[in-house]
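Enquirer: Here it is, the structure, as structure tokens.
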Amino acid sequence: MDPSQILTIFSPELRADPYPLYRQLRESDPVVESGLGAWFVLRHADAVSILRDHERFSVDHANAQPNDMPMMENVGPSERGLQNVMLFMDPPDHTRLRSLVNKAFTPRSIELLRSRVHEVVDELLEPLNGTFDMIERFAYPLPVTVIAGMLGIPSSDLPQFRKWAADVAPILDPILPPESANKVGEAALMLAGYFFDLIEQRRKDPRDDLLTALIHAEEEGERLTSDELRATCILLLVAGHETTMNLIGNGLYALLRHPDQIERLREHPELMRSAIEEMLRYDSPVHLTARTALSEVEVGGKTISKGGRAVVLLGAANRDPDVFDHPEELDVGRTENHHLAFSAGGHFCLGATLARLEAQIAFDGLLKRFDKIELTTEPTYRNTITLRGLSSLEVSAS
């Protein structure tokens, strides 16, 4: 295959609907070399084998071979502001950090947030009527309000956070030229500075929030450094709302294009849990993740050399017909749904339980609040590659 064809996955023209190309590639060359030191993996089984194998595949960018292709600039961790972010750490550092943060994201801990999520959903839906942007008015403020509350961030600071979070979101993209890296780095520095001040406040005035709990863990000898603490706060804030915002936006858009599934969900509200899983599969909020081979390894009959990059296309794997019956169809009652929207293995999304809870309550609230929801214009997508989501979703609701 011509390497330029696989790279069209990243083109703005395909952002609205990359799935026909995914299907074509998966059928013709499911582990395809880009010619740029990266292999694109499209099958579910191959994706799972990579994501669960931390012995042979690393998330640390430092292990990747340098890129000599101008269209894929080799922007390193320092330029991207990725230092001390556990998303890009391998064991044992990743294990140590995750064990500290995981205490706040156990199913029991998340269930305690249920009443608060209901409150936020009700507050956001109450004034909505007529024509409005669902992303602006609902899909964004819901998760960011919840995660900010967990961290103890004042609600008055949330507008500024939206700009910083939007600027730092491309930090996860595989293609990041230096000019974009500068913007990402600046936003990361601003967030780090903000959390430096907030952490100092919590040291003097501890509260019943996640930030205080993480500070205590650091001070009790758990080896969470100050830099790791700030990086973890940034990750939790950004990742804590990005995934859920995209899940709500992408999921609602999918439902609006399949009105029979909306009616099915209205008639059978007990399908809400399976409906959320289907939204995650059908148009995943995170579309890809990358790993670096630590030694020469075979995947799907292809050999990836040491230092080579395996780009796992989660969106393609989630429509693999070897795993999902009628994968191109949206089925809110789908029972066999082993999607990879939250990844797999040691880097399975820390906030998956929270995202599911927020989405279930959000869609339940939407269907109860509105008898009718319709698109008014075609939505627009954000200019990011790894994170797949809408920048706007204008609807008419009554």
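Enquirer: With respect to residue 224, is the statement that it is aliphatic (A, V, I, L, M), open to solvent by less than 20 Å² (accessible area, probe 1.4 Å) and farther than 30 Å from residue 381 by Cβ true?
Expert: Working: aliphatic (A, V, I, L, M): yes; open to solvent by less than 20 Å² (accessible area, probe 1.4 Å): yes; farther than 30 Å from residue 381 by Cβ: yes.
Here the answer is yes, as residue 224 does meet what is asked.
Enquirer: Based on what the data block shows, is residue 325 of a type outside the set (Gly, Ala, Ser), buried (at least 18 other Cβ atoms within 10 Å of the Cβ) and farther than 30 Å from residue 127 by Cα? If you could, list the steps in order and put the result at the bottom.
Expert: On the way: of a type outside the set (Gly, Ala, Ser): yes; buried (at least 18 other Cβ atoms within 10 Å of the Cβ): no; farther than 30 Å from residue 127 by Cα: yes.
No.
Enquirer: Within segment 162-177, can you find the residues that are open to solvent by less than 60 Å² (accessible area, probe 1.4 Å), in a helix (DSSP H, G or I) and of a type outside the set (Asp, Glu)?
Expert: Taking segment 162-177 as the starting set, the residues that turn out to be open to solvent by less than 60 Å² (accessible area, probe 1.4 Å) are 164-177.
So of that shortlist, the ones also in a helix (DSSP H, G or I) come out as 164-172.
If the condition is that a residue be open to solvent by less than 60 Å² (accessible area, probe 1.4 Å), in a helix (DSSP H, G or I) and of a type outside the set (Asp, Glu), then 164, 165, 166, 168, 169, 170, 171, 172 are the ones that fit.
Enquirer: Would you check which residues across segment 111-142 are aromatic (Phe, Trp, Tyr) and more than 16 Å from residue 162 (Cα to Cα) and list them? Quick ask: steps written out before the conclusion?
Expert: Residues of segment 111-142 that are aromatic (Phe, Trp, Tyr), as a first pass: 132, 138, 140.
Hit for segment 111-142 is 132, nothing else.
Enquirer: If we only count helices (runs of 4 or more DSSP H) wholly inside segment 81-161, which ones have 2 or more residues that are buried (at least 19 other Cβ atoms within 10 Å of the Cβ) and either in contact with a helix residue (DSSP H, G or I) (Cβ under 9 Å, 6 or more places away or on another chain) or modelled with pLDDT of 90 or more (or both)?
Expert: Working: elements: 93-102, 107-111, 114-125, 141-151.
The helices (runs of 4 or more DSSP H) meeting that bar are 93-102, 114-125, 141-151.
Enquirer: Count, please, the residues in segment 31-48 that happen to be modelled with pLDDT under 90, open to solvent by less than 20 Å² (accessible area, probe 1.4 Å) and over 14 Å from residue 292 (Cα atoms). Break it down stepwise before answering.
Expert: Taking segment 31-48 first, the residues modelled with pLDDT under 90 are 33-38.
With the extra rule that they be open to solvent by less than 20 Å² (accessible area, probe 1.4 Å), the set shrinks to 34, 36, 38.
Applying the additional criterion that residues be over 14 Å from residue 292 (Cα atoms) yields 34.
The number of residues fulfilling the criteria is 1.
Enquirer: Here's a follow-up. Considering only segment 239-251, state which residues are hydrophobic (A, V, I, L, M, F, W, C) and open to solvent by less than 20 Å² (accessible area, probe 1.4 Å). Break it down stepwise before answering.
Expert: Within segment 239-251, the subset hydrophobic (A, V, I, L, M, F, W, C) is 239, 245, 247-248.
Within segment 239-251, 245, 247, 248 meet the criteria.
Yes or no, residue by residue, for (1) buried (at least 17 other Cβ atoms within 10 Å of the Cβ); (2) in contact with a strand residue (DSSP E or B) (Cβ under 8 Å, 6 or more places away or on another chain); (3) of a type in the set (S, T, N, Q):
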{"site": "253", "(1), (2), (3)": "yes, yes, no"}
{"site": "256", "(1), (2), (3)": "yes, yes, no"}
{"site": "266", "(1), (2), (3)": "no, no, no"}
{"site": "280", "(1), (2), (3)": "yes, no, no"}
{"site": "308", "(1), (2), (3)": "yes, yes, no"}
{"site": "336", "(1), (2), (3)": "no, no, no"}
{"site": "346", "(1), (2), (3)": "no, no, no"}
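Enquirer: Could you list, in sequence order, all residues of segment 255-291 that are small (Gly, Ala, Ser) and under 15 Å from residue 334 (Cα atoms)?
Expert: Just the residues of segment 255-291 that are small (Gly, Ala, Ser), to begin with: 274-275, 284, 290.
Matches in segment 255-291: 274, 275.
Enquirer: Sticking with this structure for a sec: Using beta carbons and a limit of 6 Å, which pairs, at least six apart or on different chains, have the first residue in segment 101-130 and within 29 Å of residue 373 (Cα to Cα) and touching a residue at least 12 places away in the same chain (Cβ under 8 Å) and the second one loosely packed, with under 12 Cβ neighbours inside 10 Å and polar (S, T, N, Q)?
Expert: none
Enquirer: Can you tell me how many residues in segment 357-384 are modelled with pLDDT under 95 and among the hydrophobic types (A, V, I, L, M, F, W, C)?
Expert: Counting residues in segment 357-384 that are modelled with pLDDT under 95 and among the hydrophobic types (A, V, I, L, M, F, W, C) gives 0.
Enquirer: Same structure again: Within segment 196-208, can one find any residue that is in contact with a Ser or Thr (Cβ under 7 Å, 6 or more places away or on another chain), open to solvent by 30 Å² or more (accessible area, probe 1.4 Å) and either within 19 Å of residue 382 (Cβ to Cβ) or free of Cβ contacts under 8 Å to residues at least 40 places away in the same chain (or both)?
Expert: Step one: filter segment 196-208 for residues in contact with a Ser or Thr (Cβ under 7 Å, 6 or more places away or on another chain), giving 202, 206.
Still in the list and also open to solvent by 30 Å² or more (accessible area, probe 1.4 Å): 206.
If we keep only those that are either within 19 Å of residue 382 (Cβ to Cβ) or free of Cβ contacts under 8 Å to residues at least 40 places away in the same chain (or both) as well, we get 206.
Yes, that holds for at least one residue.
Enquirer: So in segment 353-388, with the set limited to residues that are open to solvent by 60 Å² or more (accessible area, probe 1.4 Å), in contact (Cβ under 8 Å) with a residue 40 or more places away in the chain and assigned to a helix (DSSP H, G or I), which one is nearest to residue 9 (Cα to Cα)?
Expert: Applying the filter and picking the extreme gives 356.
Enquirer: Also: Looking at this structure, is residue 291 farther than 30 Å from residue 316 by Cα, touching a Ser or Thr at 6+ places or on another chain (Cβ under 7 Å) and open to solvent by less than 30 Å² (accessible area, probe 1.4 Å)?
Expert: Numbers: farther than 30 Å from residue 316 by Cα: no; touching a Ser or Thr at 6+ places or on another chain (Cβ under 7 Å): yes; open to solvent by less than 30 Å² (accessible area, probe 1.4 Å): yes.
It is false that residue 291 is farther than 30 Å from residue 316 by Cα, touching a Ser or Thr at 6+ places or on another chain (Cβ under 7 Å) and open to solvent by less than 30 Å² (accessible area, probe 1.4 Å).
Enquirer: Let me ask another. Only one of these conditions is not met by residue 291: (1) touching a residue at least 40 places away in the same chain (Cβ under 8 Å); (2) at positive phi; (3) not hydroxyl-bearing (Ser, Thr, Tyr). Which number is it?
Expert: (2)
Enquirer: Inspect segment 108-122 for any residue being closer than 20 Å to residue 381 by Cβ and in contact with a Leu (Cβ under 8 Å, 6 or more places away or on another chain) and give the result as yes or no.
Expert: Of all residues in segment 108-122, those closer than 20 Å to residue 381 by Cβ come to none.
No, the conditions are met nowhere in segment 108-122.
The values are calculated or read from the model by the stated rules, or taken from the named source; none is laboratory data. Bear in mind that the values here come from a model prediction, so they are computed numbers and not experimental data. No Cβ is skipped: glycine too gets one built from the backbone with ideal geometry, and neighbour counts run over all protein chains shown. Surface accessibility is based on the protein's heavy atoms, side chains included, excluding ligands, DNA and RNA. Shrake-Rupley method; radii C 1.70, N 1.55, O 1.52, S 1.80 Å.
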